[in-house]
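The values are calculated or read from the model by the stated rules, or taken from the named source; none is laboratory data. Everything quoted here is computed from the prediction, not taken from an experiment. In this analysis, Cβ positions are derived from the backbone assuming ideal geometry, glycine residues included, and neighbour counts consider all displayed protein chains. Areas reflect the complete protein model, heavy atoms only, side chains present, ligands, DNA and RNA absent. Shrake-Rupley method; radii C 1.70, N 1.55, O 1.52, S 1.80 Å.
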Amino acid sequence: MAQYTRVSGSVGLITLQSPPVNALSAAVRQGIVDLMQRALSEPEVKSVVICGQNGIFCGGADIKEFGGQMSGPPLIPMIHAIEAASKPVVAAIEGIALGGGLELALGCHYRIAHSKARVGLPEVTLGLLPGAGGSQRLPRLIGVPAALDLITTGRHVTAAEALKFGLVDQITDHNTVNVAVKFAQRVADQPLDARRISTYPCLCPSDVAVLFEEVMQRVRRTARGAIAPIACVQAVRAAATLPYNQGMERERELMATLFTSGQARALQYFFFAQRAVGRWSMPSGARWDTSKPRPVHKAAVIGLGTMGRGITVALAQAGFSVVAVETQEKQLMEAKQAISGMLERGAKRRGVAPALDKINYGRNIQSVADVDLVIEAVFEDMALKKKVFQQLSAVCKPSTFLCSNTSGLDIDQLACQTRNPELVVGMHFFAPAHVMKLLEVVYGPKSSPLAVATAMQLGKKIGKVSVAVGNCRGFVGNRMLKPYLEQALFLLEEGATPEFVDQVLEEFGFAMGVFRMSDLSGLDVGWKVRMADGLAMPDPTTGQPTRLRQGRRYSPLGDLLCEQGRFGQKTGRGWYQYDKPGSQVAKPDPWLHSFLDEYRARHALVAHRIDHQEVLERCLYSMINEGFRILEDGIAAGPEDIDVIYVFGYSWPRHHGGPMFYAATVGLNKVLERLEHYYQAHPDVPSLQPCHLLRKLVASGSPPIQKWREVIKKVRSQL
Ligand SMILES: CCCCCCC/C=C/C(=O)SCCNC(=O)CCNC(=O)[C@H](O)C(C)(C)COP(=O)(O)OP(=O)(O)OC[C@H]1O[C@@H](n2cnc3c(N)ncnc32)[C@H](O)[C@@H]1OP(=O)(O)O
C-alpha cells in the first residue's frame with residue numbers, strides 16, 4: 001500500500017507502506033501507479049517525492065510473491081511511467097533502497113539519501129538479476145565497471161560511496177523527506193530530459209571488452225555453477241553494447257530464464273531459512289519469543305589455540321570486554337601476538353581502530369571470576385574439558401554462563417561438572433572463528449532457555465548466524481559429515497581416486513572436495529578422535545578386523561595415511577602431495593595411487609569403474625539420510641536449520657539451497673530409491689539404510705519442504 005499527502009502546497013508525497021521493509025508487493029505497486037497518476041493530474045502539484053514509512057525506503061520486490069502467480073501492476077512499466085512523468089520525481093532514500101527499491105529510485109529523476117542509508121542490487125544473491133531496468137540504468141548512471149561490481153556481487157554500498165559513484169545526487173544527516181521535499185520544490189521547473197537515465201549513453205572504458213572478459217572469468221571461477229552471476233554480466237554487456245530498448249529486451253530474456261530456475265528457488269528458500277533459524281525452539285517448548293536473554297558485558301575465553309584466538313577476536317571486535325586465558329606462558333605470548341595481528345589487520349580493512357584494549361590476558365583461571373559468560377576452547381579432550389568446567393564452576397560467580405566450543409562432545413557431561421548445569425550450553429564455532437558466519441548453539445537436557453537465548457543473542461551480536469541444536473555426538477554439522485567422509489573412503493576402496501571424488505563434488509559446487517578439504521583441516525584431527533573412540537588401529541596386535549567395527553564396514557585408509565605421518569597440507573603429504581609443508585597447491589600423488597592399489601590387493605578388493613552419479617549419490621544421499629535422522633531425533637527443529645548449518649559451516653553450494661532442500665529438489669522418492677539400492681549393495685553400511693522419517697515423508701506424498709515439520713511432529717510423537 002501507499003499513502004498520498006500534499007506537502008508545502010505543491011509537492012505530492014507518496015509514502016510506501018508495507019512493513020517491515022516496504023517491499024514492492026502487488027498492493028504497493030498498485031498504490032504507486034494510482035498515486036503517481038493522482039499527483040500528475042493535480043494542477044497544484046509541481047513535483048513528487050517518493051519515500052517509505054518508518055525510515056525505510058524499500059527492500060525491493062516482495063520475495064514472497066515470487067513463488068506464486070504474480071498479480072498487480074508489473075514493475076517495469078511502473079518505473080518507466082515514473083521516469084517518463086512530466087513533473088520531477090525525487091526519491092527520498094532512508095534506511096535501505098535494495099533491488100527493486102533501488103530500481104524504483106533509478107526511475108526517479110533525483111535521489112536524495114540519508115547519510116546512514118545503504119543501497120544495492122542484491123538480486124544475484126536470490127538467483128536473479130536486476131530485472132526492473134536496473135541492469136540497464138545503473139551502468140548508464142555510474143559506468144560499466146562500478147555497475148558490474150555492484151550487480152555481480154550484490155553488495156550494499158553506503159550513502160557516501162553511492163554519492164562518490166554518482167548514484168545519488170545528495171546525502172543529508174537531517175530529515176531526508178524534508179530535505180527531499182525542499183529539493184523537489186527547487187527543481188519543480190527544471191527541464192527533465194537530462195534526468196531520464198534510460199536516455200543516457202552507456203559510457204564505456206576503451207578496454208571494455210577486456211573488462212567483460214575478465215569479470216566473466218572471475219564470475220565463472222567464483223560462482224561454482226551458479227547461473228545468476230553470469231546472466232548479470234550478460235545483462236550489463238547488453239547495456240554497454242545495445243540501445244536501451246534492446247538492452248531491456250535482453251534483460252527480460254535473461255530474467256525469464258533465471259526467474260523460474262531451480263537455483264532461484266533454492267536461493268530464495270535460503271533467504272527465508274536464514275531468518276527462520278532465529279526463531280528457534282527446543283523440544284521442551286521453549287522458544288525464541290518467550291525466552292529472554294540476559295545481557296553479557298564481559299566474557300572470557302579459556303584456551304588460546306586457533307579456535308580460542310578467533311573467538312577472542314570476534315568478541316573484541318564486537319565491543320565485548322574479554323578475559324583471554326592461556327595457562328602456558330609461551331603459548332600465551334604467542335597467542336597475544338597473533339590476536340593483536342588479527343585485530344590490527346581487521347581494523348585496517350574496516351578503517352577503524354583495533355580493539356586491542358578490549359582484551360585482558362592472563363594465565364590464571366581465577367581472572368575470569370567476574371565475567372558474565374565463559375567460552376571454553378581448550379583441546380578437544382573430554383577429561384581436560386571436564387576439569388576446566390569443574391574449575392570454572394568453582395571460580396565464576398553463580399550466574400555466569402559456561403559454554404564449550406566443543407565440536408561434538410557431550411554437553412551434558414560437562415554440565416554435570418558444574419553447580420548450575422542449566423547455565424551450560426555448547427557454542428560450536430567454525431574455523432577461523434572470527435571469519436566463519438556459523439555458530440551452533442547446543443543445548444543439553446539441562447540447559448535452560450535463558451542460557452540458549454543468551455548464547456543465541458551473543459552469536460547475533462558478534463555477527464554470526466546462530467542455529468540452536470540438540471546434544472548428540474557431532475551435533476548437526478559433524479554428525480552429518482561422518483557418513484559423507486565414510487562414503488568417500490569406501491569409494492576409494494572400491495576403485496575411485498581422491499582426484500575423481502573431489503572433481504565430482506567440486507563440479508557440484510563445493511569449494512573443495514572432501515579429500516582436499518581433509519588435507520586442509522589436517523588428517524590427524526579425525527585420527528585422534530577415532531583413536532579416542534577405539535576405532536583407529538595403530539597397532540595390529542589389537543586384534544580388530546581391519547575393515548570392520550562392531551559389525552559395520554570401516555575403512556582404515558585415513559588411519560594408515562596418518563601412521564605414515566601424512567597429515568595433509570601441514571606435512572606436505574596427505575591425500576595429495578604438496579611442494580612443501582604448508583603449501584596449498586594439491587597435486588595428484590603417484591605414491592597414493594600405488595598405496596591404494598596395494599591396499600585393494602591386500603584386502604582382495606576388485607576395483608570397479610565408479611561414475612559421477614555414484615560418487616554424488618553415495619556421498620550426498622548418505623549425508624542427507626543422516627539429516628533426516630537428526631530431524632527424527634529432534635536434534636534440529638526443521639530442515640532450514642540443517643541447510644543453514646551446511647551452507648555457512650561446510651561450504652554447501654548456496655544455489656542448491658542446503659542438503660535438505662536439495663533432497664526435496666531431487667525428489668524424496670528418488671533419494672529413498674537410490675539409498676535402498678546402495679544399501680542393498682552394501683548391507684554392512686548402516687548410514688545407507690533409509691531412515692524412518694524419509695520413508696514416512698515419501699509415504700505422505702513427499703510434501704513440500706515447508707510442510708515437513710508437520711510430518712516430523714507426527715513421527716516424533718509416535719516414538
Ligand atoms: C518477471 C518478474 C520481474 C520482477 C522484477 C523484479 C526485480 C527486482 C527484484 C528484487 O527486488 S528481489 C529483492 C531484492 N531485495 C533484497 O534482496 C533485500 C532482501 N532483504 C534484506 O536483505 C534484509 O531483509 C534487509 C532489507 C536488509 C533488512 O534486514 P534486517 O536484518 O533488518 O531484517 P530481516 O530480518 O532480514 O528482514 C525483516 C523481515 O522482512 C522480510 N523481508 C526483507 N526483505 C524482503 C523482501 N524483499 N521481500 C519480502 N520480505 C522481505 C524478512 O523475510 C523478514 O521477515 P521474516 O522472514 O523474519 O518474517
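Report yes if some residue within the range 19-29 is at pLDDT 95 or above, touching a strand residue (DSSP E or B) at 6+ places or on another chain (Cβ under 6 Å) and under 16 Å from V90 (Cα atoms); otherwise report no.
Looking for residues that are at pLDDT 95 or above, touching a strand residue (DSSP E or B) at 6+ places or on another chain (Cβ under 6 Å) and under 16 Å from V90 (Cα atoms), one finds none in the range 19-29, hence no.
Considering every residue within the range 30-39, establish whether at least one is in a helix (DSSP H, G or I), more than 15 Å from A91 (Cα to Cα) and within 14 Å of the ligand (Cβ to nearest atom).
No, the range 30-39 contains no residue that is in a helix (DSSP H, G or I), more than 15 Å from A91 (Cα to Cα) and within 14 Å of the ligand (Cβ to nearest atom).
Under 8 Å between Cβ atoms, at least 6 apart or on separate chains: pull out the pairs that start in the range 83-104 with a residue that is assigned to a strand (DSSP E or B) and within 8 Å of the ligand (Cβ to nearest atom) and end on any residue that is among the aromatic types (F, W, Y) and open to solvent by less than 10 Å² (accessible area, probe 1.4 Å).
Going by the 8 Å Cβ cut-off, the qualifying pairs are I96/F57.
Of everything in the range 40-50 that's surrounded by 24 or more Cβ atoms within 10 Å (Cβ to Cβ) and not small (G, A, S), which residue is nearest to the ligand (Cβ to nearest atom)?
For the range 40-50, the residue satisfying everything is I50.
Considering each of Q584, Q569 in turn, give the residue that is modelled with pLDDT of 95 or more and more than 23 Å from E494 (Cβ to Cβ).
Q569
Does A113 satisfy the criteria of being at negative phi and more than 8 Å from the ligand (Cβ to nearest atom)?
yes
What residue, of P139, P130, is over 27 Å from Q185 (Cβ atoms), within 9 Å of the ligand (Cβ to nearest atom) and at pLDDT 95 or above?
None of the others qualify; the one that does is P130.
For D357, state whether it is touching a residue at least 24 places away in the same chain (Cβ under 8 Å), assigned by TED's automatic domain parsing to the domain that holds A455 and of a type in the set (D, E).
No; evaluated as a whole, the condition is false for this residue.
Within the range 3-12, work out how many residues are touching a strand residue (DSSP E or B) at 6+ places or on another chain (Cβ under 8 Å) and surrounded by fewer than 23 Cβ atoms within 10 Å (Cβ to Cβ).
Residues meeting the conditions: 6.
Answer with yes or no whether S702 is within 30 Å of F429 (Cβ to Cβ), crowded, with 16+ Cβ neighbours inside 10 Å and in contact with a helix residue (DSSP H, G or I) (Cβ under 9 Å, 6 or more places away or on another chain).
No, not satisfied.
Confirm whether T306 is surrounded by 23 or more Cβ atoms within 10 Å (Cβ to Cβ), outside the structural domain of L75 (by TED's automatic domain parsing) and of a type in the set (S, T, Y).
Criteria not met by T306.
If you go through the range 519-532 one residue at a time, do you hit one that is surrounded by fewer than 17 Cβ atoms within 10 Å (Cβ to Cβ) and in a loop (DSSP other than H, G, I, E, B)?
no
Looking only at the range 254-303, filter to residues that are within 11 Å of the ligand (Cβ to nearest atom) and among the charged types (D, E, K, R); which one of those is surrounded by the fewest Cβ atoms within 10 Å (Cβ to Cβ)?
That would be R275.
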